[in-house]
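For reference, the structure discussed in these notes is given below.
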Amino acid sequence: MTLSAGTVFAFSNFQEDPIEYTNEYLEYGGVVLDSETGNALVFATLTVKETNISTITNSDGKFLLKVPKDLDNGVLIISYIGFDTKEVLLTTLKAEDNKIELINSIIKLGEIKLVAPNDAKALVKSTLKKKAINNVNEPVLMTAFYRETIKKGRKNASLAEAIVNVYKQPYTSSRQDDIELFKARKSTDYNKLDTVALKLQGGPYNPLYIDLMKYPEYIFNSDMIDSYRFSFAPTTTINGNAVYVVQFKQLNTVTEPLYYGKLYIDVETSALKSAIYNLNVENKELTGDLFVRKKPRDIKVYPTNAAYRVDYLEKDGKWYYGYGNVQLSFKVKRKRKLFSSNYSLTSEMAVTDWKFNIDNEKLKNREKLKKSVVISDAASGFSDPEFWGAYNVIEPEKSIESAINKIKKQLNKANKG
């Protein structure tokens, strides 16, 4: 997960989508709320039962879901950490403004007598070893929606969105996953970025590589895992099932910047259901070197926050990567300049459908999105309300929605001119 202030761009041709979609679909929108407080539930998962079609709520708790018409009698499953899973008939939903309330399930845990393992680290090691049993261990073709934003202060300076095809390798395979760019749009206001052209390298690989079960070496390799202290937090539930919550943080004797956070592990199977964690950014110089690929000599760049989240979805007793989110904040200081600038970057990707790669299809090198990619500007798509067609996307939050509306206005002015 690297950040570059350089000007390297990578381009990829749009290819045919491996999962066929029909233009005949029904659209549902709404918000998922805590039934007790009325607060929006961020990153709640919505899945059409007995299918691989899914989406996720945004930072306002809102969702948008597109379902093929032949599934109009289906059931929508809504789940969130610490809440009872809810099932809703699609026929009872409106096209928009649906309000779905979930009930907090933590109170019910008092009725469940759980004997937690004595050793939290041993549980984590066991979870990582069981990926051949718990995770989808076959090649999979995934369709995913990707969004990245760069903000200077509170203002959006760059917005990119894409539909990508992910060629996911078996969880026990040493081969890395490949990504193919199918359709994308991007707009950047370089005036807001001042003289520093801040660009996010890696694009959708950033949230993909935080798949801890596929890439544990980035955090918990055989040497690094002994640099952490693991402990149990109060048990919670996901999808109605009891889940151990394991906290981890680097030992006080370790000076290298490592991570701290929580792992949500299924009580019965030891499968990892979710991980929410941060990088220790106390050492500015060391953490700055981790992210900055290239910068002018008279500029200092260091991260003030690096937060990560990965969620897994379950189908037929097997877990697979469902959602990844990377949030980075940086302070940029130029020599002989009194004030510094604050930038934040968000990179998220949600799997919206998938199928087994029965024929083990592979991308040619020219079709693969490069690991160093910087998604190129192509703002025109923002003016087309049907740009994504039948594909599921993450509903834009208020600030992004506002930015898109501004882009549309600018494009309309340009077209009229």
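The values are calculated or read from the model by the stated rules, or taken from the named source; none is laboratory data. These numbers were taken from a predicted model, which means no experiment stands behind them. For neighbour counting, all protein chains shown are included, and Cβ atoms are generated from backbone atoms with ideal geometry for every residue, glycine included. Surface accessibility is based on the protein's heavy atoms, side chains included, excluding ligands, DNA and RNA. Shrake-Rupley method; radii C 1.70, N 1.55, O 1.52, S 1.80 Å.
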Exercise for review: Under 9 Å between Cβ atoms, at least 6 apart or on separate chains: pull out the pairs that start in the range 240-261 with a residue that is basic (Lys, Arg) and end on any residue that is surrounded by fewer than 16 Cβ atoms within 10 Å (Cβ to Cβ).
Suggested key: LYS249/ARG229; LYS249/SER231; LYS249/TYR260
Revision key, fill the gap. Among residues of the range 227-244 being modelled with pLDDT of 95 or more and not hydroxyl-bearing (Ser, Thr, Tyr), the residue most open to solvent (accessible area, probe 1.4 Å) is ARG229
**Study point:** Complete set of residues in the range 301-319 that are open to solvent by less than 10 Å² (accessible area, probe 1.4 Å) and touching a helix residue (DSSP H, G or I) at 6+ places or on another chain (Cβ under 7 Å)
**Key:** PRO303
Revision key, fill the gap. Of the candidates LEU279, LEU208, LEU251, LEU200, the one satisfying the condition of being over 30 Å from PHE387 (Cα atoms), buried (at least 17 other Cβ atoms within 10 Å of the Cβ) and of a type in the set (A, V, I, L, M) is LEU279
Review point. Which of the residues belonging to the range 320-340 are under 15 Å from ILE210 (Cβ atoms) and touching a helix residue (DSSP H, G or I) at 6+ places or on another chain (Cβ under 9 Å)?
Key: TYR321, TYR323, GLY324, ASN325, VAL326, LEU328
Review point. Residues of the range 34-61 being aliphatic (A, V, I, L, M), outside any loop (DSSP other than H, G, I, E, B) and open to solvent by less than 20 Å² (accessible area, probe 1.4 Å), which ones?
Key: LEU46, VAL48, ILE56
Exercise for review: Filter the range 105-124 down to the residues that are open to solvent by 80 Å² or more (accessible area, probe 1.4 Å) and part of a helix (DSSP H, G or I), then identify the one that is modelled with the highest pLDDT.
Suggested key: ILE106
Exercise for review: Give the number of residues within the range 143-172 that are more than 20 Å from GLY324 (Cα to Cα) and not in a strand (DSSP E or B).
Suggested key: 2
Check your understanding: Taking only pairs six or more apart or across chains, which ones have beta-carbon atoms under 6 Å, a first residue in the range 67-83 that is over 11 Å from LEU26 (Cβ atoms), and a second residue that is open to solvent by 20 Å² or more (accessible area, probe 1.4 Å) and assigned to a loop (DSSP other than H, G, I, E, B)?
Key -> VAL75/LYS49; ILE77/LYS49; SER79/THR85; SER79/ASN239
Point to revise | Residues (part of a loop (DSSP other than H, G, I, E, B), of a type in the set (A, V, I, L, M) and either within 30 Å of THR55 (Cβ to Cβ) or in contact (Cβ under 8 Å) with a residue 60 or more places away in the chain (or both)) located in the range 332-376 | key: ILE358, LEU363, LEU369, VAL373, VAL374, ILE375
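Filter the range 200-230 for residues that are within 30 Å of VAL164 (Cα to Cα) and assigned to a strand (DSSP E or B) and give the result.
Scanning the range 200-230 gives a single hit, LEU200.
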